[in-house]
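What follows is one structure encoded as structure tokens, with my remarks underneath.
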């Protein structure tokens, strides 16, 4: 039997990154079949030391370095540097996520490596960007949540912004980074231009909030926390039921609203002038919520869920890891996978977020010992140690997807955002809408053009046409588009009439080179395969609501629609993988991804931490019983601060003397014993919060930041989106484009080929 290999089979990746963003980007490429060599100092990178541990190694390290060979090289010594340069000379892609200038300083910069290996795609992901006043600051996950404005849209109504209690921006940063590296590879293969592609943790954080940023830019709408609610549609939140359990429910378009009212036997609401349209319901949110809160409280959650399912209204419960581990939908789609390693023992990771019909991705179920392949790196290098000698051109680069034709028949957020990113890379996108248009036009807030900010932002630079694909004429026109297309993007339910009529096996008879991408909410297998989902519902089911809010209180969602954004970014990787395979072989294929699968994969760090570690700090992983973290309050705004490795105990005490809190701090034995963890995230930080508040609220944020920085404490201010847009650092990211008289958010990358000119949606 012929062995099917991943779409990146034959590609060699050298990963010299640290922490999560660089290493997990490399892991994703390993899933796709690339050969990945991870190189770090002989004693290992700092991520190995974080808790929780298995066999004295961080579960986070093991989970983010799957499918990789591991070598420890001392690049300060000639032998180690020569081995590193040898690997770089063989590689197709290099991944680094150091601060700007570090790679150059240690002799591994782009210019140096490109001279000896002109075929190398060099990828950099810095913290705050490669230029600007903050370029050298540390950019840990909580800092980015605070500074990017994500915490400013997340939290209880009228409350402080909240931090997600587990890593979200780190793994999603890796996803966006991986997609950018794939673009660099496509650019090399199609146009013979090897290049240096750049992104940043901050840029990727902003991309996570694309819908919220667009609301500010295009509709001048405030960015504020809404608890479990949504700024785009109502009802779209969690409701407390008779059994004291919350149910997450979303109605994003009118048909769902009608089904919702039928399920709840509240049909009279469909004729209430206050609630006729989604825009009306958003304006009268409080009145409608009062009615619904009282109604949901009359029956148990399971009662409501069954009735809502009958009307195909998106809903879910707030599930824990214990719920998910044995959930049929999770099992049938392999969204949780147990891996094993000789230095770790078994632990869980999120399963593969994609399916490929011809080039299946694969998770390596055996984890190598860190440094196991050092000798191999010193003597041989990659398994395929031949050097890529592809003929390159010195001409100016083209858009990587120039000439690639995309047909997008999806509505809403996820699919249109996916085709938006393809258009940002130069693809020709035709968006096919039903007669009357995409339902997302009716979301809130509305722009001056009379359409939603989300729709206007995500559907620019596309040709938009309306076709009834079930009619005779519509079927003919749609089929004609598909026959000329390179990529089809659809989100039909698996057993729908559309999915049956336009099945891939039928389409490839007319167009064998077609890449047919299929999006689902809950996965393409299992009892929920045909169910409709939403951002809130998938956040609930994947356990995201467990990382916000306070126990016993109403659940809190991540304020930005991260499920849709991240699923689009993960799907972007899959489509580019299939495209690379097409370039090499001339073969198209079917590619599938899901919203739930993406979020389960993104929580790999958390799943690994649940897997019986031999040492951990109680709630560090599950974090479902301690209060939310809001940073440190000052006189004018909150900041977030964590100790750097350079902060020793004596210096810490000098610092708190400057804050005036030394005497009171020393009276608390818990704080004295845990001084390192008295600020930042965790239970000890929550314990210390009243004391920090007492003294820091007497000072301005600038004063507090100055003291923290002097003592090498990593600290940033909490920002909202309005403040962030005008921040001096943002200008250097190159993500905001105002050339059309209206400001739009661009994709989170810097490349030699730039961006296509913005073409707004025609009025």
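The values are calculated or read from the model by the stated rules, or taken from the named source; none is laboratory data. Just so you know, these numbers come straight off a predicted model, no measurement behind them. Cβ atoms come from the backbone with ideal geometry, glycine included; neighbour counts cover every protein chain shown.
Things worth noting here:
- Taking the stretch 282-367 as the region of interest, the strands (runs of 3 or more DSSP E) fully inside it that hold 2 or more residues being in contact (Cβ under 8 Å) with a residue 12 or more places away in the chain and out of contact with any helix residue (DSSP H, G or I) (no Cβ under 8 Å at 6 or more places or on another chain) are 336-341.
- Condition check for residue 738 on (1) crowded, with 16+ Cβ neighbours inside 10 Å; (2) over 30 Å from residue 675 (Cβ atoms); (3) out of contact with any strand residue (DSSP E or B) (no Cβ under 7 Å at 6 or more places or on another chain): one failure, at (1).
- Conditions (1) in contact with a helix residue (DSSP H, G or I) (Cβ under 8 Å, 6 or more places away or on another chain); (2) free of Cβ contacts under 8 Å to residues at least 40 places away in the same chain; (3) surrounded by fewer than 19 Cβ atoms within 10 Å (Cβ to Cβ): number failed by residue 89: (2)
- The residues of the stretch 33-62 that are buried (at least 22 other Cβ atoms within 10 Å of the Cβ) and either outside the structural domain of residue 118 (by TED's automatic domain parsing) or modelled with pLDDT of 90 or more (or both), listed by number, are 33, 34, 35, 36, 37, 38, 39, 40.
- All positions within the stretch 242-256 that are closer than 21 Å to residue 541 by Cα and in a helix (DSSP H, G or I): 256
- For the stretch 67-86, the candidate set comprises residues that are modelled with pLDDT of 90 or more and in contact with a strand residue (DSSP E or B) (Cβ under 7 Å, 6 or more places away or on another chain); within that set, the residue that is surrounded by the fewest Cβ atoms within 10 Å (Cβ to Cβ) is 72.
- Boolean, residue 115 is surrounded by fewer than 19 Cβ atoms within 10 Å (Cβ to Cβ) and within 22 Å of residue 386 (Cα to Cα): yes
- Taking the criterion of being surrounded by fewer than 16 Cβ atoms within 10 Å (Cβ to Cβ), farther than 16 Å from residue 152 by Cα and not assigned by TED's automatic domain parsing to the domain that holds residue 655, the residues of the stretch 698-735 that qualify are 728, 731.
- Taken over the stretch 72-88, the residue count meeting the criterion of being part of a helix (DSSP H, G or I) and within 31 Å of the chain's Cα centre (by Cα) is 3.
- Any chance residue 403 is at pLDDT 95 or above, assigned to a loop (DSSP other than H, G, I, E, B) and farther than 30 Å from residue 87 by Cβ: yes
- Highlighted here are the strands (runs of 3 or more DSSP E) found entirely within the stretch 444-562 that include at least 3 residues which are touching a residue at least 60 places away in the same chain (Cβ under 8 Å) and in contact with a strand residue (DSSP E or B) (Cβ under 9 Å, 6 or more places away or on another chain): 487-490, 515-520.
- Of the helices (runs of 4 or more DSSP H) lying entirely inside the stretch 628-678, those containing at least 2 residues that are at pLDDT 95 or above, touching a helix residue (DSSP H, G or I) at 6+ places or on another chain (Cβ under 8 Å) and in the same structural domain as residue 700 (by TED's automatic domain parsing) are 649-659, 662-666.
- The one condition in (1) out of contact with any strand residue (DSSP E or B) (no Cβ under 7 Å at 6 or more places or on another chain); (2) assigned to a helix (DSSP H, G or I) that residue 103 fails to fulfil: (1)
- Those residues of the stretch 3-22 which are within 22 Å of residue 138 (Cα to Cα) and in contact with a strand residue (DSSP E or B) (Cβ under 6 Å, 6 or more places away or on another chain), in sequence order: 15, 16, 17, 21, 22
- The residue that is surrounded by the most Cβ atoms within 10 Å (Cβ to Cβ), among those in the stretch 572-589 that are touching a strand residue (DSSP E or B) at 6+ places or on another chain (Cβ under 8 Å) and part of a helix (DSSP H, G or I), is 577.
- For residue 279, the conditions (1) crowded, with 18+ Cβ neighbours inside 10 Å; (2) part of a helix (DSSP H, G or I); (3) over 22 Å from the mean Cα position of the chain (by Cα) all hold with the exception of (1).
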